[in-house]
1. If I ask for residues that are touching a residue at least 60 places away in the same chain (Cβ under 8 Å) and of a type outside the set (S, T, Y), which ones from the stretch 15-24 would you list?
2. Mind checking which residues of the stretch 154-182 are outside any helix (DSSP H, G or I) and either more than 18 Å from G67 (Cα to Cα) or open to solvent by 20 Å² or more (accessible area, probe 1.4 Å) (or both)?
3. Exactly one condition in (1) more than 26 Å from T172 (Cα to Cα); (2) in contact with a Lys or Arg (Cβ under 9 Å, 6 or more places away or on another chain) is false for I4; which is it?
4. Only one of (1) in contact (Cβ under 8 Å) with a residue 12 or more places away in the chain; (2) of a type outside the set (A, V, I, L, M, F, W, C); (3) closer than 26 Å to S3 by Cα; (4) open to solvent by 30 Å² or more (accessible area, probe 1.4 Å) is not met by H142, so which one is it?
5. Does the stretch 144-157 include one or more residues that are under 19 Å from V62 (Cα atoms), of a type in the set (S, T, Y) and out of contact with any helix residue (DSSP H, G or I) (no Cβ under 6 Å at 6 or more places or on another chain)?
6. Quick test for you: out of E44, E31, pick the one residue that is modelled with pLDDT under 95 and of a type in the set (D, E).
7. How many residues are small (G, A, S) and at pLDDT below 95 when one looks only at the stretch 127-142?
8. Please determine whether any residue of the stretch 212-225 is assigned to a loop (DSSP other than H, G, I, E, B), open to solvent by 70 Å² or more (accessible area, probe 1.4 Å) and modelled with pLDDT of 95 or more.
Amino acid sequence: MASILAIETSTEACSVAVHCSLGTVSRYAEEPRSHTQLLMPMVESVLSEVGLKANQLDAIGVAIGPGSFTGLRIGFAATQGLAFGLDIPVIPVSSLQVMVATYMRKVTHAQCPSKPGQTLRVMPILDARMGEFNCGCYIIDHNGAIANEFSDRLLTATDAKQWVETLSPEITVGDGAALLVSGTVWSGTLKHIFPDAIDLLDIAVSRYRNNQTVSISAVDLVYLRGADAWQKRKRIRDA
């Protein structure tokens, strides 16, 4: 069984998780502006709990954005140091996809569609400040599989509201309260959830088994730029 570490620092929440033959453990904390102090002690803690040494890791799953510039840089820098030092590959994952997975795990009434062919549309939203929002759109099938229906994108508040209205998701997740204000038809669908490394870990393990890993030198963080752009990503180069 592969030993995989997951690191998620794209929002106010900082979290890590590890999976190996000895078990799966995680740490999670919502302490804004504390990621630098929290991250590496968390990594050391989860490795110690399962009796694993860093040089026994096979890969690292990391959230590459969109999200907080500072938070993403902290998590990515830690991932770079470990991946380069240990000469192991990484599994880059969208922080918005992780947020959807966290919703599916944490919300007790969340139900997958009951029949084949039925889907649940979930839109993760992160407040990017200055009147802009990072938005995604994901589909969950009756097996609980999460698929990206549309590319993650940065939108103005006006365009983001229009996108929500056009796609009519059953659920919105994240910190989009400033967008989906109280009293609007969509405010009741919003679940305030930050992405969690334990859910990033599940995605990373699945991708590792399917040989979907890359060299850390081939990965850039995803910063969505331009209020009128549907999608602008920094390039993820072939390893």
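The values are calculated or read from the model by the stated rules, or taken from the named source; none is laboratory data. This one's a predicted model, so the numbers in the text were calculated from it and none came from an experiment. Here Cβ is always computed from backbone atoms with ideal geometry, including for glycine, and neighbour counts include all displayed protein chains. Heads up: the accessible areas ignore ligands, DNA and RNA and are worked out on the full protein's heavy atoms, side chains in. Shrake-Rupley method; radii C 1.70, N 1.55, O 1.52, S 1.80 Å.
1. V16, A17, V18, H19
2. T156, S168, P169, E170, I171, D175, A177, A178, L180, V181, S182, listed by residue number.
3. It fails just one condition, (2).
4. (3) is the only condition that H142 fails.
5. Yes; the residues of the stretch 144-157 include at least one that is under 19 Å from V62 (Cα atoms), of a type in the set (S, T, Y) and out of contact with any helix residue (DSSP H, G or I) (no Cβ under 6 Å at 6 or more places or on another chain).
6. E31
7. Total satisfying the criteria: 2.
8. Within the stretch 212-225, one or more residues are assigned to a loop (DSSP other than H, G, I, E, B), open to solvent by 70 Å² or more (accessible area, probe 1.4 Å) and modelled with pLDDT of 95 or more.
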